[in-house]
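Below is one structure; the comments refer to it alone.
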Amino acid sequence: MSATDSLSGNDAPSPQSRRPSRIERRSIDYVPTSERHGKAWHLWPVWFCGDAHLTTLAVGVIGVSLGTNLLWASIAIIGGCLFGTLFMAAHSAQGPHMGLPQLIQSRPQFGYVGALLVFVVALATYIGYNAFNQILAGQTFHDTLGFDPTATELGFTLLAMVMAFLGYSWFHKLQRYLSFVLIAAMLVFTVHVLFFDSFPEGQLSFEGFSATPFLAQFFTAAAYQLSWAIYVSDYSRYLPATVNTRATFWWTYLGATIGGGWMMLIGAAAASMFPTLNVAQALVEAGNRVFNGFGVLITVLAVIGLITSAAQNFYGSSLTILSAIDSVRPIKATLLKRFFALVSAGVIAVFIAANANDDFMTEFGSFLAIMLYLFTPWTAVNLVDYYFVRKGVYSIREIFNPRGMYGRWDWRGISAYFVGFIAMTPFFVTVWWTGPIAEMLDGADIAMLPGLVVASVFYLLVCRNLDLVGERTKIARLDDGIDELGVDGTLVVSEPTERVEYEIDHDLSRPEPEPELS
């Protein structure tokens with residue numbers, strides 16, 4: 001199969017197929033220039049809402065629950081978010097330049113088939129998160145409003161799947177409006193806490209420092225923010241290629257850092273006020289101090305935010321399923337295939353949630369920790385390759401070519417991944433096993449740090465003999481003349497023009513494109 005065919009489809013796109021659709025018709029295929037729209041600032045509400053929800057609230061409780069006070073927990077939360085979101089936002093900046101979903105961009109580092117390693121881990125993470133989210137939403141609505149938890153879980157899942165099916169533009173629209181509502185509610189809560197509320201003695205003292213809970217809160221917050229990296233550029237890939245890298249980076253970074261950090265701080269504050277209650281109950285009680293009923297209101301809003309996050313997980317899981325299938329047998333990307341992939345992910349998540357028990361909820365934190373361990377070396381390899389090795393120069397044709405220049409298996413990326421993962425194992429902290437260095441640190445989990453460093457350095461070393469000049473020459477020849485891709489993935493080739501190398505643009509002076517998000 002040729003590179004063009006493997007990019008999917010042999011029929012030329014009709015003019016009507018290029019018109020904007022209420023339902024996103026693309027999945028893992030390249031987004032052509034004619035369909036690019038939006039501005040970089042549109043990423044801010046997507047990632048503010050993506051982080052400002054109930055699960056994020058629970059992440060902020062960790063430090064306080066382990067014994068540190070609110071002041072030090074807050075410092076750890078802010079520091080962890082500032083650190084972890086750096087990597088997530090760096091992935092987001094890839095979207096406008098590549099025009100592809102995040103994970104399929106792993107093929108140049110891991111190979112056409114080798115990227116399956118990443119796809120499988122991502123799929124487990126997506127579905128696992130959503131099973132947990134369903135249970136959390138059901139329990140919260142049962143505790144606060146008396147709703148039947150099973151019915152709530154099913155309604156939660158259905159709404160998330162509908163949003164995921166509608167696709168990219170609907171995420172941007174809905175989360176933009178929701179962000180204003182969330183900001184208003186969170187601002188009211190925060191102002192009341194800062195100026196009209198009080199905390200138990202010692203919660204705001206610098207004398208309450210303890211290294212273990214501080215490090216646990218810092219790296220949990222950082223790893224939680226990093227977990228968005230597996231699909232962050234899915235929501236920037238429709239932006240015009242002229243959007244500069246820094247603008248994409250900073251709007252993503254600010255949205256995720258403010259949304260995530262702020263919601264974690266609210267969780268920490270509520271937990272310090274009501275240490276014997278679970279996170280939802282603590283939020284309700286703390287919110288009711290503002291006025292009676294406000295606690296339920298802000299909790300419901302946190303669950304609505306969680307629906308949009310679950311929708312992102314379902315959306316990402318559908319793309320990952322199709323990417324995995326395409327790695328085994330190249331397929332033509334269609335709306336129907338995305339629908340069936342989405343339904344499959346939803347059914348599995350519902351099955352897991354329906355059969356969950358107390359052990360599932362107890363051990364789920366460790367499951368997520370392992371998933372984050374598995375993604376840490378991937379993010380290092382992908383970012384180092386994009387920013388320091390290949391510097392954003394890739395062949396779109398060859399990414400979809402099973403026998404192309406990137407090979408079926410790439411030993412450089414795969415070996416760097418496993419070396420980075422092995423370097424993390426002495427730092428692991430799970431309910432099943434704790435590494436020797438983690439035990440020396442009294443159970444503090446800092447595995448993310450050695451994983452990033454070792455995988456990055458190793459990948460740089462093994463890429464020293466990579467023929468980048470020859471690769472770029474081949475890319476210029478292979479991709480020259482590509483004007484755009486139709487809805488079915490067919491290449492529409494214009495007359496060859498003078499080749500301009502598409503390095504990453506770091507120029508902030510370039511004006512933003514004018515078209516608004518449709």
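Taking each residue of the stretch 224-252 that is farther than 14 Å from residue 313 by Cα and looking for partners that are open to solvent by 20 Å² or more (accessible area, probe 1.4 Å) and of a type in the set (Asp, Glu) with beta-carbon atoms closer than 6 Å, six or more apart or interchain, yields 244/505; 244/507; 245/505.
Would you say residue 69 is touching a Leu at 6+ places or on another chain (Cβ under 9 Å), within 24 Å of residue 48 (Cα to Cα) and not acidic (Asp, Glu)?
Details: touching a Leu at 6+ places or on another chain (Cβ under 9 Å): yes; within 24 Å of residue 48 (Cα to Cα): no; not acidic (Asp, Glu): yes.
Criteria not met by residue 69.
For the stretch 308-360, the set of residues classified as assigned to a helix (DSSP H, G or I) and among the polar types (S, T, N, Q) consists of 308, 309, 312, 313, 317, 318, 320, 323, 327, 344, listed by residue number.
Tally time: how many residues in the stretch 166-183 are more than 17 Å from residue 51 (Cβ to Cβ) and either outside any helix (DSSP H, G or I) or not aromatic (Phe, Trp, Tyr) (or both)?
Adding up the residues that qualify gives 4.
Here residue 460 meets the list (1) of a type outside the set (Asp, Glu); (2) in a helix (DSSP H, G or I); (3) modelled with pLDDT under 90; (4) in contact with a helix residue (DSSP H, G or I) (Cβ under 9 Å, 6 or more places away or on another chain) almost entirely, failing just condition (3).
The rows are residues; the columns are (1) at positive phi; (2) among the β-branched types (Val, Ile, Thr); (3) open to solvent by less than 20 Å² (accessible area, probe 1.4 Å).
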| position | (1), (2), (3) |
| --- | --- |
| 274 | no, no, no |
| 280 | no, no, yes |
| 310 | no, no, yes |
| 313 | no, no, yes |
| 342 | no, no, yes |
| 347 | no, yes, no |
| 367 | no, no, no |
| 370 | no, yes, no |
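Farther than 18 Å from residue 380 by Cα and of a type in the set (A, V, I, L, M) - does that describe any residue in the stretch 225-236? No. Could you say whether any residue in the stretch 136-150 is open to solvent by less than 20 Å² (accessible area, probe 1.4 Å), touching a residue at least 24 places away in the same chain (Cβ under 8 Å) and more than 18 Å from residue 357 (Cβ to Cβ)? Yes - at least one qualifying residue is present in the stretch 136-150.
Suppose we keep only residues that are out of contact with any Gly (no Cβ under 8 Å at 6 or more places or on another chain) and small (Gly, Ala, Ser) within the stretch 180-204. Which one would you say is most open to solvent (accessible area, probe 1.4 Å)?
The first filter runs over the stretch 180-204 and keeps only residues out of contact with any Gly (no Cβ under 8 Å at 6 or more places or on another chain), leaving 180-181, 183-188, 190-201, 203-204.
Now drop any that are not small (Gly, Ala, Ser), which leaves 184-185, 198.
Numbers: 184: 52, 185: 10, 198: 77 Å².
Applying the filter and picking the extreme gives 198.
For the stretch 205-233: of the residues being among the aromatic types (Phe, Trp, Tyr) and assigned to a loop (DSSP other than H, G, I, E, B), which is surrounded by the most Cβ atoms within 10 Å (Cβ to Cβ)? Let's see the steps before the verdict.
As a first pass, look at the stretch 205-233 and keep what is among the aromatic types (Phe, Trp, Tyr): 206, 209, 214, 218-219, 224, 228, 231.
Among the residues that remain, those that are also assigned to a loop (DSSP other than H, G, I, E, B) are: 209, 231.
On the way: 209: 13, 231: 23.
Restricting to residues being among the aromatic types (Phe, Trp, Tyr) and assigned to a loop (DSSP other than H, G, I, E, B), the top hit is 231.
Here residue 413 meets the list (1) in contact with a helix residue (DSSP H, G or I) (Cβ under 8 Å, 6 or more places away or on another chain); (2) within 19 Å of residue 117 (Cα to Cα); (3) modelled with pLDDT under 95 almost entirely, failing just condition (3).
Among (1) touching a Gly at 6+ places or on another chain (Cβ under 9 Å); (2) open to solvent by 30 Å² or more (accessible area, probe 1.4 Å); (3) over 25 Å from residue 55 (Cα atoms); (4) polar (S, T, N, Q), there is one condition residue 395 misses while meeting the rest; what is its number? Just one mismatch for residue 395, condition (2). Does any residue of the stretch 426-433 turn out to be at pLDDT 90 or above, out of contact with any Phe, Trp or Tyr (no Cβ under 6 Å at 6 or more places or on another chain) and either assigned to a helix (DSSP H, G or I) or open to solvent by 40 Å² or more (accessible area, probe 1.4 Å) (or both)? Yes, the stretch 426-433 has at least one match.
The values are calculated or read from the model by the stated rules, or taken from the named source; none is laboratory data. Note that the coordinates shown come from a computational prediction; the quantities given were computed from them, not determined experimentally. Positions of Cβ are generated from backbone atoms using ideal geometry, with glycine treated the same way; all protein chains shown enter the neighbour counts. For the accessible areas, the whole protein counts, side chains as well, though only heavy atoms, and no ligand, DNA or RNA atoms are used. Shrake-Rupley method; radii C 1.70, N 1.55, O 1.52, S 1.80 Å.
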